[in-house]
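A.B. asks: Structure incoming, see below.
The values are calculated or read from the model by the stated rules, or taken from the named source; none is laboratory data. In this text the structure is predicted, and so the values were computed from the model without any measurement. Heads up, the Cβs are rebuilt from the backbone with ideal geometry, glycines too, and the neighbour counts pull from every protein chain shown.
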Amino acid sequence: MLRLKKWAGCRPAASSAALLLAGSVLTGLIWLAAAPKQAFSENENRVLEPAPVPSVDSILSGSFMKSAENYVVDHFPLRDPFVSLNTAEQILLGKRDLAADYSTVPAEGGVYFGKDDHIYEVLLPDKTGIFRNNASALADFAEKSGVSLTILPVPSGSQEQPENLPYSAPNHDQRQEYKELEQAVGRKAVVVDLFDKLSLKTGGDYYFKTDHHWNAYGAYIGYAALSEAMGFPCVKQSAFAYRAVAQPFYGMLYSKAVNTWQKPDALVLPFVKGNSSVVQVTAGKIHRGIYWEEYLDKKDKYSVYLGGNPSLTVVKNPDAQGGKLLLLKDSYANSMIPYLSQNFSEIHLVDLRYYNKDIYEYITQNGIKQVAAVYSMKQLCDVSIANKLRR
């Protein structure tokens, strides 16, 4: 009898818990059905899963359930605060490498939260052969193109600022790839050594805190090194006025591990003092200057340089004396253009990730004599450009 009374006394509590659970599930379902949906997450800088559409094939293959699961994960109530809470939880549990995906090819390392509000890329060795193939293709291009080639491989922030990484955090040494590139190229081209020139020991911080790119001051260090290697005059830094934009900047590394406590970067842009005649020509359309200010009100503020990464664009400055330069590049080179545009009357920027025409024909048709290749070391390890460089 006593047992019966005790059990009976628990029923209201159990019923309340069941009702609460059912109410929560129902509320969540109503939210998913009725609440406005975002197609793109600005914080995470990615497209969110669209509403799944069932079909016989998708149900039988299991892809519908996978899509439905991803949809719920991407659109549940108060998602952004929970994403930030998840980041905090992982850090408190002692996890250092956040947002990594080692199942991909090439494997994608995550990010470290370092000192001085820095977020750093986790660097991994090249186990796919992509870097080796790119280095070999650059050597082939230098030999067969008939033009002078200077290569500027840019080390990552975690390479140049290891003292800011978490204690004993594993980090691949990108000097291995640099030596491999030097050996592949030999005397066919000049390879510029930037290692230690961007370190904290030089007295400056040359990388964004929330993004993988170098900042305007780091880009100037790269520009000065390139000018020395290629032999064109280096415009003094005092010739530029540096202006910080009003909008806070949260970069790509922040998007990998969104959190509420992260301080934004200051996005500083260099402007040459005095009048400027620089224009950018893309697909026949002329844009005055190289800054696209509409991007300052978007998540991807780094695209204020050149409007992003067009496959081909030409920056012209009729006041410059240096003739034409072909710049093979990734996005690291974009922030060098304010400086380089003062030296060359035409800079032909080609992003081989998206450019699908014959680069050798382009050189001949445009009378190119000088070529620079500016790439981040990590990009050369992750993305193949070799087939675009070989005849």
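A.B. asks: Can you tell me which residues in region 262-273 are within 21 Å of Gly114 (Cβ to Cβ) and either basic (Lys, Arg) or without any contact (Cβ under 8 Å) to a residue 60 or more places away in the chain (or both)? Even if it seems obvious, please write down each step before you answer.
C.D. replies: Keep residues of region 262-273 that are within 21 Å of Gly114 (Cβ to Cβ), which gives 262-268.
Across region 262-273, the qualifying residues are Lys263, Pro264, Asp265, Ala266, Leu267, Val268.
A.B. asks: Looking only at region 123-143, how many residues end up being more than 14 Å from Pro153 (Cα to Cα) and either among the hydroxyl-bearing types (Ser, Thr, Tyr) or in contact with a Ser or Thr (Cβ under 7 Å, 6 or more places away or on another chain) (or both)?
C.D. replies: Matching residues across region 123-143 total 5.
A.B. asks: Could you grab me the full set of residues in region 228-258 that are surrounded by fewer than 18 Cβ atoms within 10 Å (Cβ to Cβ) and of a type in the set (S, T, N, Q)?
C.D. replies: Once the filter is applied, which keeps residues that are surrounded by fewer than 18 Cβ atoms within 10 Å (Cβ to Cβ) and of a type in the set (S, T, N, Q), region 228-258 yields Gln237, Ser238, Gln247.
A.B. asks: Taking the residues in region 83-101 that are touching an Asp or Glu at 6+ places or on another chain (Cβ under 8 Å) and at pLDDT 80 or above as candidates, determine which candidate is nearest to Asn171 (Cα to Cα). Steps first, please.
C.D. replies: Here is the first cut: in region 83-101, the ones touching an Asp or Glu at 6+ places or on another chain (Cβ under 8 Å) are 83, 100-101.
Still in the running and at pLDDT 80 or above: 100-101.
Numbers: Ala100: 13, Asp101: 16 Å.
This residue is Ala100.
A.B. asks: Additional query: Filter region 283-305 down to the residues that are within 15 Å of Leu267 (Cα to Cα) and of a type outside the set (Phe, Trp, Tyr) and list them by number.
C.D. replies: Glu293, Glu294, Leu296, Asp297, Lys298, Lys299, Asp300, Lys301, Ser303, Val304
Rundown of residues vs (1) under 28 Å from Val245 (Cα atoms); (2) of a type in the set (Asp, Glu); (3) crowded, with 16+ Cβ neighbours inside 10 Å, yes/no style:
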position	(1), (2), (3)
Asn275	yes, no, no
Tyr295	yes, no, yes
Lys369	no, no, no
Asp382	no, yes, yes
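A.B. asks: Are any residues in region 235-258 polar (S, T, N, Q), under 30 Å from Gly110 (Cα atoms) and outside any loop (DSSP other than H, G, I, E, B), and if so, which ones?
C.D. replies: If the condition is that a residue be polar (S, T, N, Q), under 30 Å from Gly110 (Cα atoms) and outside any loop (DSSP other than H, G, I, E, B), then Ser255 is the only one that fits.
A.B. asks: Which of the residues belonging to region 280-301 are outside any loop (DSSP other than H, G, I, E, B), more than 24 Å from Asp211 (Cα to Cα) and within 25 Å of the chain's Cα centre (by Cα)?
C.D. replies: Gln280, Val281, Thr282, His287 - these are the residues of region 280-301 that are outside any loop (DSSP other than H, G, I, E, B), more than 24 Å from Asp211 (Cα to Cα) and within 25 Å of the chain's Cα centre (by Cα).
A.B. asks: Quick check on this structure: which one of Ile286, Ile290 is of a type in the set (Val, Ile, Thr), on the phi < 0 side of the Ramachandran plot, in contact with a Leu (Cβ under 9 Å, 6 or more places away or on another chain) and at pLDDT 95 or above? It would help to see each step written out before you state the result.
C.D. replies: Details: Ile286 fails: in contact with a Leu (Cβ under 9 Å, 6 or more places away or on another chain).
Checking each option against the conditions leaves just Ile290.
A.B. asks: Pick out, from region 114-208, the helices (runs of 4 or more DSSP H) lying fully within it that include 2 or more residues that are acidic (Asp, Glu), touching a residue at least 24 places away in the same chain (Cβ under 8 Å) and surrounded by 15 or more Cβ atoms within 10 Å (Cβ to Cβ).
C.D. replies: 175-185
A.B. asks: Can you confirm whether Ser255 is more than 18 Å from the chain's Cα centre (by Cα), assigned by TED's automatic domain parsing to the domain that holds Val371 and of a type in the set (Gly, Ala, Ser)?
C.D. replies: no
A.B. asks: Could you please let me know if Tyr223 is within 25 Å of Asp265 (Cα to Cα), in contact with a Cys (Cβ under 9 Å, 6 or more places away or on another chain) and buried (at least 22 other Cβ atoms within 10 Å of the Cβ)?
C.D. replies: When the stated conditions are applied, Tyr223 passes them.
A.B. asks: Sticking with this one: Report whether or not Asn164 is touching a helix residue (DSSP H, G or I) at 6+ places or on another chain (Cβ under 8 Å), modelled with pLDDT of 95 or more and of a type outside the set (A, V, I, L, M, F, W, C). Break it down stepwise before answering.
C.D. replies: Details: touching a helix residue (DSSP H, G or I) at 6+ places or on another chain (Cβ under 8 Å): yes; modelled with pLDDT of 95 or more: yes; of a type outside the set (A, V, I, L, M, F, W, C): yes.
The answer is yes for Asn164.
A.B. asks: I'm checking my understanding of the structure. Among residues of region 188-231 that are at pLDDT 95 or above and basic (Lys, Arg), which one is farthest from the chain's Cα centre (by Cα)?
C.D. replies: Here the residue is Lys188.
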